[in-house]
Amino acid sequence: MAITLTQTAADRVEKFLANRGKGIGLRLGVKTTGCSGMAYTLEFVDDLNPEDTAFESHGVKVIVDPKSLAYIDGTELDFTKEGLNEGFKFNNPNVKDECGCGESFTV
Amino acid sequence: MALLQISEPGQSAAPHQHKLAVGIDLGTTNSLVATVRSGLSSILVDEDGHNLLPSVVRYMPDGGIEVGYSAQAAQSQDPTNTVVSAKRFMGRGLKDIDVSQQPYHFIETKSASGEMLQIETRAGIKSPVEISAEILKTLKARAEKSLGGELVGAVITVPAYFDDAQRQATKDAARLAGLNVLRLLNEPTAAAVAYGLDNASEGIYVIYDLGGGTFDISILKLAKGVFEVLATNGDSALGGDDFDRRIFCWALDQRLAEQSKCTPLNAQDTRLLLTKAREAKEWLTDHASAQITSVLSTGELLNVTLSTKQFNELTQTLVTKTLAPTKKALRDAGLTIEDIKGVVMVGGATRMPQIRLSVADFFKQTPLTNLDPDKVVALGAAIQANTLAGNKGDNELLLLDVIPLSLGLETMGGLVEKIIPRNSTLPITRAQEFTTFKDGQTAMSIHVLQGERELVTDCRSLARFELRGIPPMVAGSARIRVTFTVDADGLLSVSAREVASNVEANIVVKPSYGLSEEQILNMLQSGFGAAESDKQARALAEAKVDAESLLAAIEIALEKDSDLLNAQEIQAIRGKMDALRANIHAGASHAIHEATEALNLATEEFAARRMDASVSHALAGKNLDEVNF
């Protein structure tokens, strides 16, 4: 399995990285917090850790640590607009249940 | 599902704890709101895709309030209830304003906190603070809708020239709008932040900001990612609006030339013609001439053509007027034109070609215009807000601002002793010792002033307080230490202490034009009052929807399965339905709820019978084996 980005998401990440002026890619992860177990994290990457797994999708380097990978393997990251709001969205096949707003989830 | 933004490494927010912060450019003509998403500062648009929100507030005949384009469109029909450029009146009294140029009914209220200018509208007497709060509320709503959550705070920009009273008024407006002010930021400093990050290059820059109603010139030093404001100057009553007025006056002159008799314009025509003048000015940015056509309320047709050349001649003095403060700021900073690495243009009025030419001519270089001059300030404020809200990592941006006007106190003979000189960097604390004037003097009056002049009468009075309980001594032997502190927002507190006896008195400067604590509380409470009636309206609407959907469902059930009920039962249900309908009509949410409950109860038996009937219908003529439980 792998982590992938949609074309729209990849374009956005590239734009944000260019604006930021540094960074080698995008880190996806989970942390155990939130109202229903786990929460997603999304960060710029400046340094790679030895245990990280790196994927490449539409020219963007996607980095995941092994603990998080177990929960989000197979995820496709999308960038969408909902009304006036816009941002990234995890399409994670491992999710069994999420909290009302979808910010945290259980597997 | 919630939409996520990319954070700095190690800065991911816990769920439901996003630190949403915005930058707000509360402008004289237009206002904007911006935020940083995934590291990129961008303007938040409204539902129609507009970046700008015209800073226009209209009090409607039906009691509602309109803000923005719709209010702007109504300017000429309803000038006295449509307030434009309210920022010009922030923290001001009647004597500060040229009333003859304004269509409003001004009132000056005298309260314990001093004289304050207010405007009489059909919705009652409104202060500029309340009017600005409406603009901020609209921007706050836009931001919360766009970001999908509540804001932790906002950075609001103010002209560098705003004095304490005007800064306090801006903070009051934010508080009324329910916004937490992270920081008030000088507009040019915000512009520097926006440009500094995009083209990070060290050196001394000039920010030339000609907005709708204010002109600011600031000299900034960019070094190692740190912005230091070396000097500021400007004119708080010069802006794009003045260019409109020049065109307006010119158009009127043309009319007088054509007509022998002079009839003064009414408020509506004044507003209409000013709008036409603004349109002509904007048109001339990329065209050689503009036509102004307008039918006045008297039926008179005004039709004049203005060429670029004429426009330049008309406004040359205004353009020149911006260069005097520019020279002054350079002198304050001890710099010459050769020291300036770049000139940043801010404010919609800097789109005018004659401005760009004059500035280029003065500084002997082409000014920077690669960011939209209307957006620069809001974008920079958003970057600062993002940092202050704690969304940034280690490389935090440090900002040094300066105080625009010297602060001091009154000494014998009506003279001003300056404690903190103009252009000192913020935050700052300065102390100075004073002594008694008469033998046995036990009290001292401390009068805090702002301004560059030597006489008290020429400076602006900010506050007065008394230090009492000084031990009786020979004149000149008491030592009274007066400390002035200006915080990062540019707000002042003053304390005085007699060194020997340690008696102390202090004051946080409540500018004499600001709102008193009590007035703010009153306004906040009247806002809460409206919240209660809003809540009731919502409850009623919900109760009605529930009741109507129940009625519709029962209507359908009766139509299909009335054979399950006898005539008496049908009548009972019908009776309850009529009762509910009557309650919906009467419009009391509580009564509607009760009638809905009663109807629910009355139809329970009917619902049970319908369920049984449909089950037995489904099971009729089948073996137990065939039924899939």
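The values are calculated or read from the model by the stated rules, or taken from the named source; none is laboratory data. In this text the structure is predicted, and so the values were computed from the model without any measurement. We place every Cβ from the backbone using ideal geometry, glycine too, and count neighbours over all the protein chains shown.
Quick look at the values:
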{"item": "Meets criteria (closer than 16 Å to B:ALA2 by Cβ and surrounded by fewer than 21 Cβ atoms within 10 Å (Cβ to Cβ)) for A:PHE79", "result": "yes"}
{"item": "The listed residue being at pLDDT below 85, touching a Gly at 6+ places or on another chain (Cβ under 9 Å) and aliphatic (A, V, I, L, M), out of B:LEU32, B:LEU3", "result": "B:LEU3"}
{"item": "Options B:ASP563, B:ASP546: the member that is surrounded by fewer than 17 Cβ atoms within 10 Å (Cβ to Cβ), in a helix (DSSP H, G or I), touching a Ser or Thr at 6+ places or on another chain (Cβ under 9 Å) and among the acidic types (Asp, Glu)", "result": "B:ASP546"}
{"item": "Elements of type strands (runs of 3 or more DSSP E) contained in the stretch B:53-157, each with 3 or more residues being of a type outside the set (Asp, Glu) and crowded, with 17+ Cβ neighbours inside 10 Å", "result": "B:56-59, B:82-84, B:114-121"}
{"item": "Spans of strands (runs of 3 or more DSSP E) in the stretch B:278-386 with at least 2 residues within 18 Å of B:LEU210 (Cα to Cα)", "result": "B:342-346"}
{"item": "Among the candidates B:LYS145, B:LYS137, residue that is under 10 Å from the mean Cα position of the chain (by Cα) and in the same structural domain as B:PRO79 (by TED's automatic domain parsing)", "result": "B:LYS137"}
{"item": "Answer from B:THR315, B:THR369, B:THR308, B:THR293 - the residue that is more than 17 Å from B:ARG278 (Cβ to Cβ) and polar (S, T, N, Q)", "result": "B:THR369"}
{"item": "Yes/no for B:GLY529 being surrounded by 20 or more Cβ atoms within 10 Å (Cβ to Cβ) and modelled with pLDDT under 85", "result": "no"}
{"item": "Yes/no for A:ALA70 being more than 12 Å from chain B (Cβ to nearest Cβ) and exposed (fewer than 14 other Cβ atoms within 10 Å of the Cβ)", "result": "yes"}
{"item": "Selection from the stretch B:426-458 of residues that are in contact with a strand residue (DSSP E or B) (Cβ under 6 Å, 6 or more places away or on another chain), crowded, with 16+ Cβ neighbours inside 10 Å and without any contact (Cβ under 8 Å) to a residue 40 or more places away in the chain", "result": "B:HIS447"}
{"item": "Single residue of the stretch A:15-64 satisfying the filter (among the acidic types (Asp, Glu), surrounded by 15 or more Cβ atoms within 10 Å (Cβ to Cβ) and in contact with a strand residue (DSSP E or B) (Cβ under 9 Å, 6 or more places away or on another chain)) that is farthest from the other protein chains (Cβ to nearest Cβ)", "result": "A:ASP52"}
{"item": "Residue count for the stretch B:459-485, restricted to those that are surrounded by 18 or more Cβ atoms within 10 Å (Cβ to Cβ) and in a loop (DSSP other than H, G, I, E, B)", "result": "4"}
{"item": "The listed residue being within 19 Å of A:PHE105 (Cβ to Cβ), outside any loop (DSSP other than H, G, I, E, B) and without any contact (Cβ under 8 Å) to a residue 60 or more places away in the chain, out of A:ALA54, A:ALA70", "result": "A:ALA70"}
{"item": "Criterion violated by B:LYS364 - all others in (1) within 30 Å of the chain's Cα centre (by Cα); (2) modelled with pLDDT of 90 or more satisfied", "result": "(1)"}
{"item": "Conditions (1) more than 14 Å from chain A (Cβ to nearest Cβ); (2) more than 23 Å from B:GLY347 (Cα to Cα); (3) more than 17 Å from the chain's Cα centre (by Cα); number of the one not met by B:GLU150", "result": "(1)"}
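Residues are listed down the side, and each one gets a yes or a no for (1) small (Gly, Ala, Ser); (2) touching a residue at least 60 places away in the same chain (Cβ under 8 Å); (3) farther than 25 Å from B:PHE162 by Cα:
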| residue | (1), (2), (3) |
| --- | --- |
| B:VAL33 | no, yes, no |
| B:LEU40 | no, no, yes |
| B:ASP46 | no, yes, yes |
| B:GLY49 | yes, no, yes |
| B:GLY63 | yes, yes, yes |
| B:GLU66 | no, no, yes |
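Residues are listed down the side, and each one gets a yes or a no for (1) touching a Lys or Arg at 6+ places or on another chain (Cβ under 9 Å); (2) facing chain A (nearest Cβ under 10 Å):
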{"residue": "B:ILE6", "(1), (2)": "yes, yes"}
{"residue": "B:ASP25", "(1), (2)": "yes, no"}
{"residue": "B:VAL33", "(1), (2)": "yes, no"}
{"residue": "B:GLY39", "(1), (2)": "yes, yes"}
{"residue": "B:HIS50", "(1), (2)": "no, no"}
{"residue": "B:VAL56", "(1), (2)": "no, no"}
{"residue": "B:ASP62", "(1), (2)": "no, no"}
{"residue": "B:SER70", "(1), (2)": "yes, no"}
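Let's see how each residue does on (1) surrounded by fewer than 22 Cβ atoms within 10 Å (Cβ to Cβ); (2) modelled with pLDDT under 90; (3) charged (D, E, K, R):
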{"site": "B:THR308", "(1), (2), (3)": "yes, no, no"}
{"site": "B:ASN312", "(1), (2), (3)": "yes, no, no"}
{"site": "B:THR317", "(1), (2), (3)": "yes, no, no"}
{"site": "B:ASP332", "(1), (2), (3)": "yes, yes, yes"}
{"site": "B:ILE337", "(1), (2), (3)": "yes, no, no"}
{"site": "B:MET345", "(1), (2), (3)": "no, no, no"}
{"site": "B:VAL359", "(1), (2), (3)": "no, no, no"}
